1. Suppose we take every Cα in the range 179-330 and form the convex hull; what volume per residue is that in Å³?
2. Less than 20 Å from a label point 7 Å out along the Cα-to-Cβ axis of ALA335: which backbone N atoms in the range 261-291 qualify, by residue?
3. Tell me the Rg and the Dmax, in Å, that the Cα atoms of the range 224-301 produce.
4. How much of the DSSP bridge set in the chain is antiparallel, in percent, rounded to the nearest 5?
5. Viscosity 1.306 mPa s, temperature 10 °C: Stokes-Einstein D of the range 127-233 from its Kirkwood Cα radius, in µm² per second?
6. Ranked highest first by average number of other Cβ atoms within 10 Å, how do 273-286, 30-43 line up?
7. Can you work out the base-10 log of I(q)/I(0) for the chain at q = 0.11, 0.13 1/Å, using the Debye formula on its C-alpha atoms alone?
8. Quick check on the range 40-180: what does the Kirkwood estimate of hydrodynamic radius come out to from the alpha carbon pairs, in Å?
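What follows is calculated from the coordinates using simple rules that are stated; it is not laboratory data. These figures come from a predicted structure and were not determined experimentally. When we count neighbours, we look across all protein chains shown, and the Cβ atoms used for this are built from the backbone with ideal geometry, even at glycine.
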Amino acid sequence: MKVLVTGGAGFIGSHTCVQLMSAGHEVVIVDNFCNSKPETIGNIEKIVGRPVHLYRNDLRDLEAMRRVFAEHHIDAVIHFAGLKSVPESIQKPLAYYENNLGSTFVLCQAMLEADCKRIVFSSSATVYGNDNPVPFKEGMPTSAINPYGYTKVMIEQFLTDLSAADPAWSICLLRYFNPVGAHPSGLLGEDPNGIPNNLLPYVSQVAAGLRSEVIVYGNDYDTPDGTGIRDYVHVTDLARGHLAAVQYVLEHNGTEIINLGTGQGTSVMEIMEAYSHACGRALPYRIASRRPGDIAVCYADPEKARSILGWEAQKDVGQMCSDSWNFAKNRYEVAPSS
Ligand code: NAD
Ligand code: UD1
């Protein structure tokens with residue numbers, strides 16, 4: 001099959017392209033590189049040994065999207081492209097609503113015109129908001145507490161409405177928990193611009209010596225060690241989940257919402273310990289106050305992914321940290337220790 005991957009040069013998209021191509025599928029990437037680097041495309045090709053079709057354009061450019069669908073018979077779309085920083089979304093709500101909603105509307109318009117109605121969308125555990133009890137299950141009410149989260153809630157609703165109006169649509173809304181790790185080759189990984197907001201990229205920069213210490217946001221939560229608990233999931237496990245989801249939308253109609261998480265919670269201090277083990281030295285840290293908007297505990301009920309997609313996460317936190325460190329060492333050119 002031929003799959004259009006929007007945002008295919010990004011962190012999760014690049015790993016998914018490798019997964020799809022390794023399974024024998026063809027991939028067409030649309031990316032404007034606003035949060036990724038063109039070199040990633042070469043690294044995908046190096047890993048799989050085949051070229052990808054790349055369109056360097058903005059998803060909001062309808063004419064360009066029409067061209068993509070005119071030049072390729074697309075069987076299904078995986079829609080990763082979007083802006084994803086929570087603090088930035090609070091500072092620049094217009095940019096976030098405009099990019100995330102606008103690009104989805106233009107994409108769906110181009111899909112409709114090409115009669116391609118199968119799509120897998122990158123949603124987030126953020127849509128469970130602050131009031132649901134863990135583990136989070138797909139049927140729970142959704143809400144948001146920042147513009148980024150609202151874009152996910154709104155796009156989920158928009159896509160659900162689309163398939164309610166036209167049963168020919170087949171839509172899978174994947175709610176990721178905390179994607180981390182990197183490709184075992186060390187060629188693909190998470191490399192955010194500026195100061196990382198998320199824990200693992202920050203810890204990897206401390207381990208690489210780019211930053212002096214990890215700032216632990218709160219040790220007074222009602223958790224065993226007082227630090228926040230999250231469901232970290234290896235990005236290559238997520239990539240397998242997308243392959244299963246795209247096969248699912250080819251065979252079913254309607255809308256399906258599926259969590260992609262491990263079902264296991266890990267605290268910030270447990271991550272620090274696992275990462276220290278991976279990089280071979282204790283990492284400096286400092287306890288700070290809680291980060292506004294954070295919840296104490298977040299983890300998935302992964303049962304639906306297992307029963308509907310036959311998908312289960314396989315890699316543990318130790319593997320996530322060692323693959324992340326392997327990528328960071330390459331990326332930040334850390335000299336081997338003597
Ligand atoms: P990423 O920023 O690495 O990748 C997104 C890609 O989309 C980038 O390559 C960027 O250049 C591209 N892009 C953005 N807007 C575009 C536009 N208008 N036109 C063309 N290309 C555009 O992010 P990621 O971590 O790979 O996340 C992928 C998706 O998954 C996002 O929608 C994100 O919100 C969602 N998600 C991510 C996480 C996470 O922790 N990484 C968690 C939950 C959900
Ligand atoms: C964040 C986003 C969420 C998004 C998810 C995946 C916020 C408030 N939430 O979730 O919307 O879907 O990323 O992209 O940004 N931590 C530290 N020090 C740090 C960074 C984080 O102690 O420097 C702690 C946090 O308090 C949390 C845990 O580490 O307990 C994980 O944080 P992070 O990686 O930012 O992910 P989330 O907060 O789960």
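1. So the per-residue Cα hull volume is 131 Å³.
2. 279-282
3. 16.9, 51
4. The antiparallel fraction comes to roughly 5 percent.
5. It comes out at roughly 93 µm²/s.
6. In decreasing order of mean packing, 273-286, 30-43 become 30-43, 273-286.
7. -0.69, -0.98
8. Evaluated over the range 40-180, this radius sits at 16.5 Å.
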